[in-house]
Amino acid sequence: MSVLITGASGGLGTAVSKAFQESGATVIGIARSWTEPVSFLALSVDLTTAEGCDAMVEQALAHGPIEALVHILGGFGGGQPIAETSDKTWDGMMNLNLRAAFCAMRAVLKPMVAAKYGRIVAVGSRAAVEPMSNYAAYSVSKAALVALVKNVAVENKDLGITANVVLPSTIDTPLNRQAMPKSDFSRWVKPESIAKTLVWLASEAAGDVSAAVIPIYGRA
């Protein structure tokens, strides 16, 4: 299996890329930039633009068919009530958490539809279904991501293409530990746990699962 993994250089992306490699998949990792060497094909792409996503697919297809897209790219921002939320915060969350997903999925769907096969899996957030006070832009962007995935699923259900989304709670990454040093890390979700679910959803065996919204909350 050949899989595109967006956000592959981050804390979760690193674990997911490793899990797919261990499963025997050919991994093509996507990030805006790379600071450390990796053992898979790494592409530097701006996924918040249609041009960047089209370039991602074009470069990936040069190495063979794209059988799966695992969309991890996303960001967290906010901290103000809606009445005080700036356009910059709102637009930033929509671009990073929704527009990038739309552009990436639209780009990969073209070859997947032609091949009549594909797996699309996105990483959302618990905030998509349990909104967080003072983080409306983040919560709404993640809720919209869920709606996007469901639409991809229903539009392509007869074409051998599935689309699913997982909703983690707080993920145990170095960045989150640094941001919340007083938290009980043992209650957070391990990246490896999320990775195992993503590997299965991207597999041929998961062909009967589509439009699923899967919580991965751990004990958080």
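Before moving on, here are some points about what is shown:
- The lone exception for Met93 - which of (1) modelled with pLDDT under 95; (2) within 25 Å of Arg177 (Cβ to Cβ) it fails: (1)
- Scanning segment 63-90 for residues that are under 19 Å from the mean Cα position of the chain (by Cα) and part of a loop (DSSP other than H, G, I, E, B) turns up Ile66, Glu67, Ile72, Leu73, Gly74, Gly75, Phe76, Gly77.
- Number of positions in segment 166-220 that are part of a helix (DSSP H, G or I), touching a residue at least 40 places away in the same chain (Cβ under 8 Å), among the aliphatic types (A, V, I, L, M) and closer than 23 Å to Gln21 by Cα: 6
- The set of residues in segment 186-215 that are touching a helix residue (DSSP H, G or I) at 6+ places or on another chain (Cβ under 6 Å), at pLDDT below 95 and of a type in the set (Phe, Trp, Tyr) is empty.
- Of the residues making up segment 113-153, those that are of a type in the set (Ser, Thr, Tyr), over 26 Å from Val3 (Cβ atoms) and crowded, with 19+ Cβ neighbours inside 10 Å number 3.
- Flag if Leu12 is farther than 27 Å from Val113 by Cβ, in a helix (DSSP H, G or I) and touching a residue at least 40 places away in the same chain (Cβ under 8 Å): yes
- For segment 114-145, the tally of residues that are within 16 Å of Ala163 (Cβ to Cβ), part of a helix (DSSP H, G or I) and in contact with a strand residue (DSSP E or B) (Cβ under 7 Å, 6 or more places away or on another chain) stands at 2.
Yes or no, residue by residue, for (1) outside any helix (DSSP H, G or I); (2) surrounded by fewer than 21 Cβ atoms within 10 Å (Cβ to Cβ); (3) among the basic types (Lys, Arg):
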| position | (1), (2), (3) |
| --- | --- |
| Ser17 | no, no, no |
| Gly24 | yes, yes, no |
| Val27 | yes, no, no |
| Met56 | no, no, no |
| Gly92 | no, yes, no |
| Ala107 | no, no, no |
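The values are calculated or read from the model by the stated rules, or taken from the named source; none is laboratory data. No experiment lies behind these values; they were computed from the predicted model shown. Here Cβ is always computed from backbone atoms with ideal geometry, including for glycine, and neighbour counts include all displayed protein chains.
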